[in-house]
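One structure is given here, and the rest of the page talks about it.
The values are calculated or read from the model by the stated rules, or taken from the named source; none is laboratory data. Keep in mind that what you see is a predicted model, and the values were worked out from it rather than measured. Because the Cβ atoms are built from the backbone with ideal geometry, glycine has one as well, and the counts that use them run over all protein chains shown.
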Amino acid sequence: MADRPANGTAQGSNKPALSLHVPEPKYRPGDEVDFSHIAITKPGAQPRPDEACEASETAPLTLDLIRVLGDDNQAHGPWDPKLDADTLRQMLHHFAMVRAFDARMYRGQRQGKTSFYMKCTGEEATSISAAMALASDDMVFPSYRQQGILIARGYPLVEMINQIYSNRGDKLKGRQLPIMYSSRENSFFSISGNLATQTPQAVGWAMASAIKGDTRIAATWVGEGSTAEGDFHSACTFAAVYNAPVIINVVNNQWAISSFSGFAGAERTTFAARALGYGIAGLRVDGNDPLAVYAAERWAANRARSNSGPTLIEHFTYRAEGHSTSDDPGAYRSAHEGEEWPLGDPVNRLKKHLIELGEWDEDRHAAMDIACAEEVKAATKEAEKNGILGHGLHHPFHTMFEDVFETLPWHLEEQAAQAIHEREVKWPEGKKP
Amino acid sequence: MAVELKMPALSPTMEEGTLAKWLVKEGDHVGPGDILAEIETDKATMEFEAIDEGTVGKILVEEGTENVAVGTVIAMLSGDDDDDDDDAETAAPAPSPTVSDKDDEAGEGKGAGREPSEAEITKPVKAKAQRDPEVPRGTNMATVSVREALRDAMAEEMRRDERVFVMGEEVAEYQGAYKVTQGLLAEFGPKRVIDTPITEYGFAGIGTGAAMGGLRPIVEFMTFNFAMQAIDHIINSAAKTNYMSGGQMRCPVVFRGPNGAASRVGAQHSQNYGPWYASVPGLIVIAPYDSSDAKGLMKAAIRCEDPVVFLENELVYGRSFELPELDDHVLPIGKARIVREGSDVTIVSYSIGVGMALEAAEKLAEEGIDAEVLDLRTLRPLDKQAVLDSLAKTNRVIVAEEGWPTCSIASEIISICMEDGFDHLDAPVLRVCNVDVPLPYAANLEKIALLNSGAIVEAAKKVCYQD
C-alpha cells in the first residue's frame, strides 16, 4: 500500500474523510442483553414451495425464518413435518443422550482424561433433527460440532469415547484429535481440523454419486464463521454448476470462538441469502426448532434426491457454551446472551411439544435424563478399560507406520524396522505396548 | 476406591495454573457436575467439576497456590460404596513407571554411552528391489511424444475402468491448455472429461470428495503454479484421509499437470514443486522424463490406491522418445532407472533435469569422464537403494535439479549419501540447481538462472578432481 503521494490532495480538503467500519457485537461481558432486534417470525407463517421449484422461488425464505413450533408448544403451518410420537420421542432421546454425553466428556477433559472436547449445547437440533431427515446411508461431511449425527445413527458411545481418549480401542488408531470421528460404516467422513474443506468435498462426493447413478446424496455442515473461507464459495459454485445432490448446512450459532457473526458478514445479510447469488435454493430456519430443522432438511433431501438441485440451509441458533474446552466465553460475550436467546432451547421445546401432545411427561423426562447419564457413565467405564489419554494403553507401536499409504512402502518398512530394533536394544525384556 | 484428582488443563498447551479457590472441603459429598474448585490461568478462569459421585478426601494443594503443574494430584476423592467394585474392575492400569521413565530419558538416541550393539540401530535395512517388467523380445518400439504418452495412458485407463474421469480447467472443449487431454472429450464425453469453474482450490476439493465417493479422479492443474491454492486439499485432505480415518477411507486421486520452468513465463509460473510435495507423508510423487516412463507411471498412478501428485514438464511435452508397444505398459512406482551406464560419477536427476544430465554426460565423455545418469522417476517414495548402488559403483555423486537448491530433492539425495553411503564417497556430493532467486523473465537472465548442462559438467569435473 502506497502512502499518499506528496503532491496528492492534502488532508483537510473539503472531501469527506473515509472511515473504516469494524464490526462490533452488541454485547460484551457484563452487558444487559436485549435481543428485540432479532426478527422472530410467526410459526407456520412461511410458505413451503414445491421441492422441485426454481431456486429463485426460495428467495423470500432466505430472509425469513422458517418456524413450526409456537409458544403454545403446537406445530403450525405447511412446514410441520407431521412426525409420529415415536419418532419425536426418539429425537428427544437423542437430544438427551448428546447432552449427557457432552456433560460427561467435558468433565472428563477437566479431569485430564482427554486433552480436548467440544460441546454442542443449544445446537442439538441442527445435527440430530437434520440427520434424522436424511437416509441413514446418505454421506455426511460434518464440521466438529455434529456429534449428534453419530448418536442419531446409532454409533456406539464406547467407540466415540475410545476416539476421544485416543486409547487402544480407538478405531482411528490414535491419529486424530479428540472428537474428529470417522466412520465409514455410518457414512460419516473423517472430520477435518481445517475449516470448510469438507464443503467442496461433500459437493465432490455428491457429484461422484450422480456420475455413478447412485441414489445417495451428501450433506455438509459448516459454521457461519467458516463461510468466509474460499472453500465454501467453491463448494457453492460447483454445487450450482453441476446441480450436485448436496445439502450445505450453515450452522449460524452467532459465534466463531470470540468473533461474532458480523465478522462473517451477518451485519449485511443472512447466510441463507448467500444461496441466491449462486442460484442455489436457500432456506433460513429456526435452528432451535427441531421440527422446522427436520422439515427443512427433508425438503432439501427430497430436492437433491430428485435431481432438482442443491440447497443451502442456514440454521439460526446459538452456541450456548464455549467454543471448546480451551475457551472461556466469559471473556468476550455477555453471560446473559444464553438466557435471553429468543428462540429458546431445542430440547426444552421438543419436550414441551410432546407433553402438549399428551405423549410425554416430566417424570418420564427426568427418568430418561438419568438413564442417559447412566448409559454414558457405563460407556465411559467400558472405554476406560482401553485406557485414557496418557495412560499408556495405546495401539501397538507398529501401527504408527500403517495407512500412510495403502501398502507399506519400503522406506516406512525400513523406518519401522529400525525403530522396532531400537526398542529391542533399549528394552531387551520387552516393553508393554 | 479413592480417585486422584489432578490439576486439570484448560487447553492442551497449558502447563500450570493457580488453584484459586476450593469450593468444597474435606469430607464433603459431591455428585457429577458439582464444582470442586476454581482454576485460573493467564487466559481464563475455569470451574473444576466432579465427574462422579464421591466424598472429598484429603486436599493436597491449598487454595491460592500458584504455578501448580498440570497433572499434580490436588485432592483425593473416595468413591461411593456402590461404585467400588465397578471402579476397581474398570480403572485403567497405571503405566509401569520404570518403562515410561526410560522412554523419556534425556540424551537418549544421541549416541552418548551407547552399547556397541546399539550401533546396529543405524544399520540400514536392505530395501526390496522392484524392477521394471521385462519388455518381451521383438516388441515394436514406437516413437511417441510425452504429451501423447500421457494422453494414451489416461485413455487406456478410462477404457479399462469406468470410475476414472478427468477434470480441470479447459480439459474438455479446449483439449487441455497444453493439449494433454487431446481427444478425450470426443471418446469419453462431457461426463468423464469435465471442464470446471476456475478455482483450483475448489476442484481439488471436489476431486478429493469424488475419490472418497468411490471414483478415480484425474485432476489436471493447468500448471502446478496454480495449484498452490489447492495445496490444502492435496496435503491436508487427500494425503491424510487414509491415515486419519484409521484406514477406513481412501482417496485414490491423481493430481497432474506441468511443473517447473517453461520458457519466459516469469517468476510466478516457473516453479518446481517436487520437493514441496515429496516432503509429505501420504502422497506419492512422480516426476518422469521420457515417454515410456510418463505412460507407464501415469497408468500406475491412476491404479494407485493412494493420492498421487504427477509432475509433468511443459518443455518436455513435445519431445519424442521410444516407447514399447504393449497392451498394458505399467511401471512400478518408487523405482529409479539408470538411463545411462557409467563408472566415474553418478548424476542423479529427475524430470527435465534428466535431459540435461544426458547432455552433460555426452560432453563429459568427450573429456574422458564416464558418467552414469540415474533418473529418480518417483520422488516419493524415493528409490534410495538405487542411489546407494550407483554411489557404490562410481563413488561420486552430483544431483542435477531444475529447482531451487534449498530443501530440495538434491538436499535429500545428499543426506542419503551421507547417512548410508558415507564410506563409498570419494568426494563431497554436489548439487547443481537453479539460482536461488525468483525466476527472472528476461531471456538472458532466465538462461543464467536455470539449470543447464554446462553447470552439470563443471560439477562432475569438480567431484572427479579434474577442474
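If the condition is being at the interface with chain B (Cβ under 7 Å from one of its Cβ atoms) and crowded, with 18+ Cβ neighbours inside 10 Å, then segment A:415-425 contributes no residue at all. Within segment A:208-220, none of the residues are surrounded by fewer than 24 Cβ atoms within 10 Å (Cβ to Cβ), modelled with pLDDT of 95 or more and assigned to a strand (DSSP E or B).
Go through the residues of segment A:35-49 one by one and say whether even a single one is in contact with a Ser or Thr (Cβ under 7 Å, 6 or more places away or on another chain) and either among the basic types (K, R) or over 30 Å from B:M14 (Cα atoms) (or both). Yes, that holds for at least one residue.
When A:N288, A:N249, A:N243, A:N302 are checked against the criterion of being under 25 Å from B:G209 (Cα atoms) and part of a loop (DSSP other than H, G, I, E, B), a single residue qualifies: A:N243. Taking segment A:372-399 as the range and being buried (at least 17 other Cβ atoms within 10 Å of the Cβ), among the small types (G, A, S) and more than 8 Å from every other protein chain (Cβ to nearest Cβ) as the test, the residues that pass are A:A379, A:A383, A:G390. Restricting attention to helices (runs of 4 or more DSSP H) lying wholly within segment A:68-178, give those where 2 or more residues are among the aliphatic types (A, V, I, L, M), assigned by the TED database to the domain that holds A:N252 and in contact with a Lys or Arg (Cβ under 7 Å, 6 or more places away or on another chain). Once the helices (runs of 4 or more DSSP H) in segment A:68-178 are filtered for at least 2 residues that are among the aliphatic types (A, V, I, L, M), assigned by the TED database to the domain that holds A:N252 and in contact with a Lys or Arg (Cβ under 7 Å, 6 or more places away or on another chain), what remains is A:124-133.
Only residues that are touching a residue at least 24 places away in the same chain (Cβ under 8 Å) and farther than 22 Å from A:A208 by Cβ were counted across segment B:177-198, and they come to 6.
You will find that of B:C417, B:C407, the residue that is assigned to a loop (DSSP other than H, G, I, E, B) and not aromatic (F, W, Y) is B:C407 and no other.
When B:L358, B:L364, B:L315 are checked against the criterion of being surrounded by fewer than 19 Cβ atoms within 10 Å (Cβ to Cβ) and not in a strand (DSSP E or B), a single residue qualifies: B:L315. Might you check whether a residue that is out of contact with any strand residue (DSSP E or B) (no Cβ under 7 Å at 6 or more places or on another chain), part of a loop (DSSP other than H, G, I, E, B) and more than 21 Å from A:T114 (Cβ to Cβ) occurs anywhere in segment B:16-24? Checking segment B:16-24: not a single residue is out of contact with any strand residue (DSSP E or B) (no Cβ under 7 Å at 6 or more places or on another chain), part of a loop (DSSP other than H, G, I, E, B) and more than 21 Å from A:T114 (Cβ to Cβ).
Each residue in segment A:143-174 was checked for being surrounded by 23 or more Cβ atoms within 10 Å (Cβ to Cβ), in contact (Cβ under 8 Å) with a residue 60 or more places away in the chain and facing another protein chain (nearest Cβ under 10 Å), and 3 of them qualify. Taking the criterion of being under 15 Å from B:A210 (Cα atoms) and under 20 Å from the mean Cα position of the chain (by Cα), the residues of segment A:205-233 that qualify are A:W205, A:A206, A:I217, A:A218, A:A219, A:T220. Look at (1) of a type in the set (A, V, I, L, M); (2) in a loop (DSSP other than H, G, I, E, B); (3) over 23 Å from A:I370 (Cβ atoms); (4) in contact with a helix residue (DSSP H, G or I) (Cβ under 8 Å, 6 or more places away or on another chain) and you find that B:I51 fails only one, number (3). Screening segment A:179-197 for residues that are assigned to a loop (DSSP other than H, G, I, E, B) and touching a Pro at 6+ places or on another chain (Cβ under 8 Å) and picking the one that is farthest from the other protein chains (Cβ to nearest Cβ) gives A:I191.
Show me the strands (runs of 3 or more DSSP E) found entirely inside segment B:162-273 where at least 3 residues are among the small types (G, A, S) and facing chain A (nearest Cβ under 10 Å). Give the steps one after another, and end with the answer.
Working: elements: B:164-168, B:193-195, B:216-220, B:254-258.
Counting at least 3 such residues, we get no strands (runs of 3 or more DSSP E) at all.
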